Each structure stands twice: as structure tokens, then as C-alpha cells.
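The values are calculated or read from the model by the stated rules, or taken from the named source; none is laboratory data. Since the model is a prediction, treat every value here as computed from it, not as a measurement. Here Cβ is always computed from backbone atoms with ideal geometry, including for glycine, and neighbour counts include all displayed protein chains. Keep in mind that these areas ignore ligands, DNA and RNA; they rest on the heavy atoms of the full protein, side chains included. Shrake-Rupley method; radii C 1.70, N 1.55, O 1.52, S 1.80 Å.
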Amino acid sequence: MELSVNVDHVATVREARGGTQPDPVYAAMIAEMAGAAGIVCHLREDRRHINDRDVRLLREVVKTRLNLEMAATEEMVRIARDVLPDVVTLVPERRQERTTEGGLNVVEHRHSLREVVEILHKADIQVSLFVEPVLEQLEAAADIGADIVELHTGHYANATSERAAQQELYRLHNAAEFARRLGLRVAAGHGLTYENILPICRIPAIEHVSIGHAIVGRALFVGFERAVRQMLELIRYGRLLPPLELR
Ligand code: PXP
């Protein structure tokens, strides 16, 4: 299982003072040196953390894989075609939300999303859709030509009991298997931490995780490189645990 590191919250700290430091571009370089397989950043309409300069520079320095998270708007599609990230992850975006709160409704927005997928494919950009682990959404994602689905792990991460977490884990497991059978590559992310990552590693169909907040938070105390390495060690260990059975 590969790890992509989301550097948005390095930019959040920078924006707290409106200056130039800390720089998410440095964080990306350190994350790659520590073994991350990719770098993720979310260019929001309101530019609350990552800005246009960050995306441009990240494109220049990232040597692994740059994944640009964005809403499926005309402005963002234009930027993606200009910057050419390796992957675009389409996410829903609401101005008032603190972070991405739910998955994309691919079923409802099938036609407009299909167009965006086609435009990005013409630019040779792979497209990932951030969706809830719901079978109809995965079917729609495959139907409109997505390459990857990123399963929203927020409900798992926010579960308030062991039982609820187990249920969410099985929902993710079933969804991941289903998506793989549809020919999609499967990633997962949102709210994953050092404390809750191990069970996710027991889902064989999840090839990739995207983690930001927990790594940036730990980096304050142990440094960025160590924070990335510690997550990678957990992922390696988690992959050695017995895989979950389907239920
Ligand atoms: N994946 C997607 C699609 C996201 O929107 C986010 C949050 O920006 C993440 C992964 C990373 O979530 P977290 O910061 O909670 O690790």
C-alpha cells in the first residue's frame, strides 16, 4: 500500500500569518525523501491554504506523483490543464465547510462529471473521484470513465464505538472489492491517523492512502521526515496483518 502525503495544512500554518513560511513545497520534498509515493494538495476556490504558486512549484519539484484535489469547476479544470498534475482528484467543495465533508455525488452529476473526466483525459491526466463507499456511486464512477476512486474514510475515522468502526470498515472493504471488480484502482483517505490506519491496511483492494492532517500535526513534534516515516512503518506493518475477509 502506497502513501501520498497531503501538504495542505503546512500552508494552513503559513496562512495563519499570511507570510511565506512554512512552505508546503519544502514539506513535499521532505515527504518524498522519506518515502512517500505521492504528494497531494487541494486548491480551493477561496485559496484558504494552497495557492496557485504552490501548485505551480509543486508541479516543478514533485518527482513522484502530484495529485491535485479540486472541485469540478471551469476555473479548476483550466488550472489543471495548465499545470498538468499526474492525477486530479475531483472533490465536492462548499465554501463554509472546514474540510471536505462528503463524497462526490457521481450518480446525480454524471453528465457534467463525464465531460470533466474526458477533458482531463485529453490532457493525459488520470482522474480520481472522491466518493462514499456506496456501490451506485462506484458504478457511476466506472461508467463515466474514472481511473481511480478514493473512498471517503471519514465515517470510519469518526465512528464513536468499536462496533460502528467495524461496520464502516466492512463497508469500505466491500466497496473496495466491488470497485476493483469494476476495473477501478482504489485509494482511501480523510481522517486517517496513526491510531486508525492499521485496520485500513487489512483491506487488500485499497492500494493507496492519502493522509494530511495527522502527519502535519505529528511533524510539529517529531519533524516532517520522521512523521512520514512513522506512518510508512505502520502501513508496512499493517499490510502484514491478516487481510479482512468479505462479509
Ligand atoms: N482525501 C481527500 C479527498 C481530502 O479532501 C482530504 C482532506 O483534504 C484528504 C484525503 C486528507 O484528509 P486528512 O487531512 O484528514 O488526512
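Taking the mean number of other Cβ atoms within 10 Å as a proxy for protection, how do you rank 233-243, 166-176 from highest to lowest?
Numbers: 233-243: 12.8, 166-176: 19.9.
Sorting 233-243, 166-176 by mean packing, highest first, produces 166-176, 233-243.
Quick one: if the Förster radius is 30 Å, what FRET efficiency do Glu118 and His213 give, using the C-beta to C-beta distance and rounding to 0.05?
Between Glu118 and His213 the formula returns 0.40.
Can you give me the long-range amide H partners of Thr89? Hydrogens built in the peptide plane at 1.01 Å from N, cutoff under 5 Å, separation of 5 or more residues or another chain.
For Thr89, whose amide H was placed from the backbone, the distant partners under 5 Å are Leu68, Glu69, Met70, Ser128.
How much of the accessible area of the stretch 12-67, in percent, comes from carbon and sulfur atoms when a 1.4 Å probe is used?
Heavy-atom surface of the stretch 12-67 belonging to carbon and sulfur, 1.4 Å probe: 53 percent.
Sticking with the crude label model, points 7 Å out along Cα→Cβ, report the distance from Glu136 to Asn158 in nm, one decimal please.
Label at Glu136, label at Asn158, 2.1 nm between them.
Would you calculate, for the chain, the mean residue ellipticity at 222 nm contributed by helices, counting each DSSP H stretch of 4 or more residues as -39,500 (n - 2.57) and dividing by all residues, to the nearest 500?
-14500 deg cm²/dmol
Ignoring ligands, DNA and RNA, what accessible area per residue does the chain give at 1.4 Å, in Å²?
49 Å²
Using only Cα atoms, figure out Rg for the stretch 103-247 and give it as a multiple of 2.2 N^0.38 Å. Intermediate results must be reported in sequence, preceding the final value.
On the way: Rg = 15.9 Å, N = 145, 2.2 N^0.38 = 14.6 Å.
Cα-based Rg divided by the globular estimate yields 1.09.
How long is the gain from Thr73 to Met33 if the chain were fully straight, where each residue apart is worth 0.36 nm and the alpha carbon distance is subtracted?
Using 0.36 nm per residue and subtracting the Cα-Cα distance, I get 11.1 nm.
Given labels modelled 7 Å from the Cα in the Cβ direction, how far is it in nm from Arg17 to Val222?
That separation, rounded to one decimal, is 2.6 nm.
Could you grab the relative contact order for the chain? Cα pairs under 8 Å, six or more apart, rounded to a whole percent.
RCO, the chain: 19 percent.
Stretched out fully, how many nm does the piece from Glu195 to Lys63 gain, at 0.36 nm a residue minus the Cα gap?
Contour length minus Cα-Cα distance gives 44.6 nm.
How big is the gap, in Å, between the Cα center of the stretch 187-247 and the Cα center of the stretch 16-38?
Value for the Cα centre distance between the two parts: 19 Å.
Expressed as a whole percent, how much of the Cα-Cα distance distribution for the chain exceeds 30 Å?
21 percent
Hey, if we sort Phe130, Phe224 by accessible area with the 1.4 Å probe, largest down, what's the order?
Phe224, Phe130
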